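Structure first, commentary second.
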C-alpha cells in the first residue's frame with residue numbers, strides 16, 4: 001500500500017502482475033494461517049483489511065466471516081480485486097478506495113482490522129493505530145503483519161518511512177491504546193535479494209464493554225439479562241448483575257432460561273455494594289426501584305441507562321398454575337433477549353438514562 005508521502009503510480013503499475021510473485025503468495029498464506037490461529041473468525045463478523053493490495057489475504061479469509069472491506073489507496077490494485085471477485089463469484093469482499101491517514105473512517109464499527117505488509121509505509125503509525133482502535137467494536141481484534149526491522153535492503157532503492165518494525169515498539173503503542181491480549185511471533189521468512197527477511201504477526205484486542213445489569217434483588221430480571229449477555233454477546237460484553245438488595249436466585253427464572261438453552265443455575269444473587277472494586281462502562285437498570293436507588297458511586301463511574309421490564313414474580317402472583325406463572329417469565333425473558341440483541345449499539349446511542357425503550 002502506498003502512503004500519503006508516496007505516489008500510488010508504482011503500485012498501480014504493478015497491480016496486474018502482483019499475484020504472480022510466488023514468494024508473495026507464500027507469505028500471504030503464512031499470514032492467513034497464523035491469523036486464524038491467533039484470533040477467532042466467525043460467520044457474521046465484519047472485517048477490514050487495510051492496505052489490501054489485490055486482497056489475496058481477504059480471499060483466504062472470506063469463507064470464514066460475514067464480510068470484508070478490502071481497502072487500499074491504489075485504484076490499480078482495487079481494479080484487480082474487482083476482476084478477481086468477478087472471476088471467483090465471491091460476494092462478501094467489498095473493494096474500497098480509502099486513505100485513513102487523511103480520510104474519515106467508515107461509520108459502522110468492525111469486528112476486526114487487518115493490515116499486512118503495509119504498516120511500514122505509514123509515517124505516523126501511532127495515529128493510524130488510534131484510528132483503528134476507534135473503528136473497532138468492543139472485543140474486536142487488530143492484527144498487524146510486517147517485516148521485522150531490517151537494514152533497508154528489502155525495498156532496494158525505494159525509500160519507505162520504516163525499514164521494518166520492532167514488535168516491542170508496536171506492543172507499547174498498542175497498550176497505550178488500552179488494547180489487551182497483545183502478542184506477536186515470527187510467522188514467515190520471505191525470500192528476496194538472496195536472503196530471507198523475517199515477518200511477524202502481532203495480534204491485540206479492544207477491551208470488552210463492562211456492563212452491570214441492576215435490579216432490586218438480583219433474583220430474576222437482572223439475572224436473565226446477564227445470562228443473555230453471556231450467551232449472545234460474550235465476544236463484546238463482560239456481563240455482571242447485582243441488586244440493591246439480595247433476594248436469592250429465582251428458580252422459575254432459571255427454568256425458563258434453561259428452556260432456551262441458557263444455564264444460569266450457577267449464578268448467585270449479589271449486592272451491588274460488593275462490586276465497588278469493579279469499573280463498569282454501563283449500568284443498565286432493569287426496574288424502576290433500582291434506577292431510583294442506584295448508588296451514587298456507580299453513577300459517578302459509569303453511564304446509567306434505564307430499560308424497564310415487568311417483574312415476572314409480581315405478574316405471576318395471581319397465576320392458578322405453574323404454567324400460567326411461567327408464561328409471564330417467558331414473555332419478559334424474550335423481551336430481555338430482544339434488548340440484548342441490540343447491544344452494544346443501543347447503549348452507545350442512548351444519550352439519557354431513559355432513552356431506550358424495549359420493543360414489544
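The values are calculated or read from the model by the stated rules, or taken from the named source; none is laboratory data. Only a predicted model underlies this, so the values are computations on that prediction, with no experimental measurement involved. Cβ: placed from backbone, ideal geometry, glycine included. Neighbour counts: every protein chain shown.
Things worth noting here:
- Filtered residues of segment 113-127 (kept if in contact with a helix residue (DSSP H, G or I) (Cβ under 9 Å, 6 or more places away or on another chain), crowded, with 21+ Cβ neighbours inside 10 Å and closer than 24 Å to residue 155 by Cα): 114, 115, 116, 119, 122
- Hey, residue 260 closer than 22 Å to residue 232 by Cα and touching a helix residue (DSSP H, G or I) at 6+ places or on another chain (Cβ under 6 Å) or not: no
- No other residue among 91, 82 is in a loop (DSSP other than H, G, I, E, B), over 22 Å from residue 30 (Cα atoms) and modelled with pLDDT of 95 or more apart from 91.
- Residue in segment 154-177 that is farthest from residue 281 (Cα to Cα), counting only those that are at pLDDT 95 or above and surrounded by fewer than 14 Cβ atoms within 10 Å (Cβ to Cβ): 166
- Residue 191 being in a strand (DSSP E or B) and over 26 Å from residue 342 (Cα atoms): yes
- Residue in segment 111-121 that is under 18 Å from residue 57 (Cα atoms), free of Cβ contacts under 8 Å to residues at least 12 places away in the same chain and part of a loop (DSSP other than H, G, I, E, B) present: no
- One residue stands out in segment 28-49 among those that are within 12 Å of the chain's Cα centre (by Cα) and outside any loop (DSSP other than H, G, I, E, B): the one that is farthest from residue 203 (Cα to Cα), namely 46.
- Flag if residue 195 is more than 30 Å from residue 48 (Cβ to Cβ) and not assigned by TED's automatic domain parsing to the domain that holds residue 105: no
- Single residue of 39, 65, 71 found to be within 27 Å of residue 155 (Cα to Cα), touching a strand residue (DSSP E or B) at 6+ places or on another chain (Cβ under 6 Å) and at pLDDT 95 or above: 71
- Extreme residue, modelled with the lowest pLDDT, among residues of segment 347-360 that are surrounded by fewer than 18 Cβ atoms within 10 Å (Cβ to Cβ) and within 20 Å of residue 208 (Cα to Cα): 349
- When 108, 103 are checked against the criterion of being in a loop (DSSP other than H, G, I, E, B), in contact (Cβ under 8 Å) with a residue 24 or more places away in the chain and surrounded by fewer than 23 Cβ atoms within 10 Å (Cβ to Cβ), 108 stands alone in meeting it.
- Complete set of residues in segment 279-306 that are modelled with pLDDT of 90 or more, over 22 Å from the mean Cα position of the chain (by Cα) and over 26 Å from residue 334 (Cβ atoms): none
- Any chance residue 309 is in contact (Cβ under 8 Å) with a residue 24 or more places away in the chain, under 26 Å from residue 42 (Cβ atoms) and within 29 Å of the chain's Cα centre (by Cα): no
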